[in-house]
1. Sum -39500 (n - 2.57) across every DSSP H segment of at least 4 residues in the chain, then divide by the residue count to get the 222 nm mean residue ellipticity, nearest 500.
2. What ranking of LYS96, LYS52 emerges when the number of other C-beta atoms within 10 Å of each C-beta is taken as an exposure proxy, fewest first?
3. Tell me which lysines have Cα within less than 19 Å of LYS96's Cα, excluding those fewer than 8 residues away on the same chain?
4. In nm, to one decimal, how far is the LEU59 label point from the GLU131 one, both placed 7 Å along Cα→Cβ?
Amino acid sequence: MNDAKNPFQDMIQAAQDMAKAFNPALETFSPKGFEAMWPTMPKEVMELYFGKTLNKDGLDAKTRLLLTLAGLTMQGAQNDTGLRQTVKHLLEAGAKKQEIIETIGQMSMFAGLPAMTRAMQLAQEVMEDKEEKDT
């Protein structure tokens, strides 16, 4: 029987111990808590910075954000915070739930089912949170 410890687990434990020594509050740090502090840009601001306000013939903010969502899915949906924030901003920019789902689903052909499934789970969390807040 092999009782060898995983060196990765040791490394993670050492990093957690170090973070706790520097600041005990880091022991309970949650990326979702950090995300909650980040405000959602109003639709008009997104359109100004990312949309057609300065480039009349360019892509609108919603389309740019759908492309961002596709790119994040293609990367394997590894950036949880980035993906959740993109979905949050997409909803603010006027994207329909179906548009978000179809964008992620389309990427399954290129990124694979695991990436699509992970992105869909993260997007669903955001969409369910928004539905709860709206009711």
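Laboratory data are not the source of any read-out in this text; all were calculated from the coordinates shown. Since the structure is predicted, the reported quantities are computational estimates derived from the model, not experimental observations. Ideal geometry is used to build each Cβ from the backbone, glycine not excepted, and the neighbour counts take in all protein chains shown.
1. About -21500 deg cm²/dmol.
2. LYS96, LYS52
3. Excluding near neighbours in sequence, the set is LYS43, LYS62, LYS88, LYS130, LYS133.
4. Between LEU59 and GLU131, the label points sit 2.8 nm apart.
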